[in-house]
Structure formats: C-alpha cells, structure tokens
1. Looking at 178, 240, 210 in this structure, which one is touching a strand residue (DSSP E or B) at 6+ places or on another chain (Cβ under 7 Å), closer than 17 Å to residue 32 by Cα, open to solvent by 10 Å² or more (accessible area, probe 1.4 Å) and of a type in the set (Gly, Ala, Ser)?
2. Take the stretch 153-171 and flag every residue that is touching a residue at least 40 places away in the same chain (Cβ under 8 Å) and loosely packed, with under 12 Cβ neighbours inside 10 Å.
3. Of all residues in the stretch 132-152, how many are open to solvent by 40 Å² or more (accessible area, probe 1.4 Å) and touching a residue at least 24 places away in the same chain (Cβ under 8 Å)?
4. Restricting to the stretch 93-105, name every residue that is free of Cβ contacts under 8 Å to residues at least 40 places away in the same chain and either of a type outside the set (S, T, N, Q) or under 22 Å from residue 119 (Cβ atoms) (or both).
5. Starting from residues that are open to solvent by 10 Å² or more (accessible area, probe 1.4 Å) and in a strand (DSSP E or B), keep the ones in the stretch 31-47 and report whichever is farthest from residue 189 (Cα to Cα).
6. Do we have any residue at all in the stretch 96-114 that's within 25 Å of residue 159 (Cα to Cα), open to solvent by 10 Å² or more (accessible area, probe 1.4 Å) and over 19 Å from the mean Cα position of the chain (by Cα)?
7. Determine whether the stretch 151-159 contains at least one residue that is at pLDDT below 85, in a loop (DSSP other than H, G, I, E, B) and of a type in the set (A, V, I, L, M, F, W, C).
8. Count, please, the residues in the stretch 48-83 that happen to be open to solvent by less than 10 Å² (accessible area, probe 1.4 Å) and either touching a Pro at 6+ places or on another chain (Cβ under 6 Å) or under 21 Å from residue 119 (Cβ atoms) (or both).
Amino acid sequence: MKFTVYQDSRTGGRKYNQDRVGYSYSRNALLLIVADGMGGHLHGEVAAQIAVELILDQFQKKALPALDDPQRFLLDAFQRAHEAIYHYAANHQLLEIPRTTCVAAVVQDGIAYWSHTGDSRLYMVRGGRILRQTRDHSKVRKLVEDGKITAEEALTHPERNKIYSCLGGAFPPEIDIGGRVTLSDGDTLLLCTDGFWGTLDESDMTHFLGAFPVLFAIPQLMDRAELQGGKFGDNLTALGINWHDDGPDLPDDGFVSTQRLDQNTITTHVDPIDAKSAAEFTEDDIEKAIAEIQAAISKYSK
C-alpha cells in the first residue's frame, strides 16, 4: 500500500478536547478512526478513548498482515467498544452513561470499507466531487429526508446536534456498514467530527480535497472551520489520506509505503488523554482515567 496521511484535532471554543483520532497499518491493511466523546468530567474523553484504542487494539491483533473480513471486523469492534463503555459506566455507578460517536475505515487490497454511528462522518472524494458520504444518525437528517426542512435550514436547526445512535449510552447502537469501493489513484478519504464539517461549505471541502493533497487541504479546512466556529465552536478533528497506486515514493512527510513491512509489523498512531486535552483536570485525574481505559481495553479485547 501507498498513501499520504494527515490528522489534526483542535479544542475550538471548548475548555478541553473530547475528540479522539488515530490510525494503524500493517503491510496489507490500514485502519482510520475518529470519535467524538459526550459526557462531563472526563467521561466523554474516556468513552472516545476507549472506542479508538479498543478498535485499534483489535486491528493490531487481527491484521497480520490482513483482516479476514473487514466489514465483519468493523461491526464486531464497534460492538465491543459499546459494551466496554457501557460497563465502564456501570462499574463506576455513573448517573449518565458516557457516549461517543465513531467513524472508522479499513483499506485492504485497494478496497475501502467503513462503519459509523452518530454524526461523525466519512467522505470519499474523487475528481473534485464527493463519491460517497455517510448518513448522520441525527434527528435533523431525518427531517431533511422527510422533506420537513431543507438542507440549508438543517445547518442552523436548534436540534442539529442531537443524535439517536452512539457507542455507550443505554441502548444498542445503530452501526452502519458501508464501502467495498475500489480506490483509484488520487482518491481522498476524510474522517471528521461535526465540529469540522458542521461549519464548512461542502463546496469548500470538495475544492480543497479535490485540488490539493491532504497535507495542505486539511490544515486549510481546519483553519476555516475553527474561525467560523468562533469562541463557542465545538472541538474539531479531521483525519485524511490520499491513496496512491503503485509508483515512485513521494517526498511528503506523511507519505507511507508498507511494501517493506514484514507480516508481524503494525504501526499505530493515537494521541492519549493528557493535560493538554483536559486542561482543567489534575494529573491524578488523568492517570486514573488512563488506568480505567486500559482495564476496559484489556477486558474487551480478548
């Protein structure tokens, strides 16, 4: 495989960042994942971190060097993450179960597969247009599809941030499985939270992602989204790749070629909870949260 990858996550107008993002790759498979946590006092961060780290952990165990069934893998990993978050809440007797949206993609044998729950999105861009896009699990999306409001009205609707499916929470998540799309040279896959896509014009996204590599396009779009979100804007996170057919290696910092990896080598990049992402909490709070995350992952990754 050959691809260029870039990710960024910003706090926006919030006090701390509840978004989480990561990717992992073996010689023959690539996993991309973004989560947007919901819940107070570190619980949103913990839910998102459990989802990202547990799904990455499952990939590291099973993509040696490829997954047997990418779509089954995604469904099973999402369900495990949901159970881990639910039982984390039960073990801590939380009145409110922490929740997180999640979107993930696997690329294997040049074919993209993806799954999501909530309103974190995946876009597949080819030739300056959106070829595929996930459908939000939100009340506003249903209103648009039922013809009760327009797409323009949805952007400012008072219930635009209300979702009906997520990982964690009291009810089983609705997990959409999509993809099985063969990638072409230059295709872009973008995974992002609603703090990113919610303030951007679709024309800006297609222009930048269609005309420029992710190393340039994503920072430009992040700047626009953060500016337009303003001082009350949400956390915003984006993770994207440009897919490359066989050809010469590129000099870009984010360029990855897996051809020389052996079957047992997997590279993973994920940012943990730390003082920067949860500034109002103590180091003891952070260390306790990290220990709880690792305990949940250990239990549900078997």
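1. Working: 240 fails: open to solvent by 10 Å² or more (accessible area, probe 1.4 Å); 210 fails: closer than 17 Å to residue 32 by Cα.
It is 178.
2. Hit for the stretch 153-171 is 170, nothing else.
3. 3
4. Within the stretch 93-105, the first condition is being free of Cβ contacts under 8 Å to residues at least 40 places away in the same chain, and the residues that meet it are 93, 95.
The one that is free of Cβ contacts under 8 Å to residues at least 40 places away in the same chain and either of a type outside the set (S, T, N, Q) or under 22 Å from residue 119 (Cβ atoms) (or both): 95.
5. It comes out as 38.
6. Yes: one or more hits.
7. Filtering the stretch 151-159 down to residues at pLDDT below 85 leaves 151-159.
Adding the requirement that they be in a loop (DSSP other than H, G, I, E, B) leaves 155-159.
With of a type in the set (A, V, I, L, M, F, W, C) added as a condition, the list becomes 155.
Checking the stretch 151-159: at least one residue is at pLDDT below 85, in a loop (DSSP other than H, G, I, E, B) and of a type in the set (A, V, I, L, M, F, W, C).
8. 11
The values are calculated or read from the model by the stated rules, or taken from the named source; none is laboratory data. Computed from a prediction, not measured in an experiment: that's the story for all the values here. Note that we place each Cβ from the backbone using ideal geometry, even for glycine, and neighbour counts take in every protein chain shown. For the accessible areas, the whole protein counts, side chains as well, though only heavy atoms, and no ligand, DNA or RNA atoms are used. Shrake-Rupley method; radii C 1.70, N 1.55, O 1.52, S 1.80 Å.
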